[in-house]
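Just so it is clear, none of the values below were taken in a lab; they were calculated from the coordinates. For clarity, every value in this text was computed on a predicted model and none was experimentally measured.
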C-alpha cells in the first residue's frame, strides 16, 4: 500500500488543521524541477539561435583578448632567460679576467670558462673546477656568440634569438651583452 506524503499529512487524525497548508502534494522530481526551472526542465524547445549567437560572440571576444597575452609570455620568458644567462656568463668572464689578467680570446671561446685553455695565452692560475660547470645554450638551443676583444666593450656576448641568425625583430631579435641594463 503506497501512500504519498500529502495523503499521510491529510489523512492523519493527530495533525491539526493548521498543518494542512504545509502538506506536500504528490509530485515527481522532474515535475518539481520544471516548476522551479521551467526553461531548463519544463521546456523541450532548447536555446534560441539568438542565445547561441550571443554566447559564441562572448567566447570569441574572450579568446581574442586572452589568447594573445598567453602567446607572448613564452617568448618574453625566453628573452629574459637569455639576458640572465648572458649576465651569468659575463660574471664568469670577469672572474676569469681577475684571476688571469685577460679575458679568453675569441679563439679560446667560452669553453675557457669550463676547462683550462690549451691554445693561445694559457693562464697560470686556473681553478680546478673552472668558472662554470658548462656553457649553456641560449633558450632557442643555439650557441652564444663570444667575441674578444669586442666592438662594444672588452667582450661581446650575443644570442641571435629564435631564428639563430644575426639581426631580426621581435622574437628573432638579438640579445646582446652591451644592451642589457
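One decimal place: the segment residue 172-residue 129 gains 12.0 nm when fully extended, by the rule 0.36 nm per residue minus the C-alpha distance. The slack in the chain from residue 62 to residue 119, taken as 0.36 nm per residue of separation less the alpha-carbon distance, amounts to 14.6 nm. Diffusion coefficient (Stokes-Einstein, Kirkwood radius over C-alpha pairs, 20 °C, 1.002 mPa s) for segment 58-181: 134 µm²/s, rounded to a whole number. How high is the relative contact order of segment 79-179, given as a whole-number percent (alpha carbon pairs under 8 Å, six or more residues apart)? About 25 percent, as a whole number. Taking 0.36 nm per residue of separation and subtracting the current Cα-Cα distance, fully stretching the chain between residue 50 and residue 84 would add 7.1 nm.
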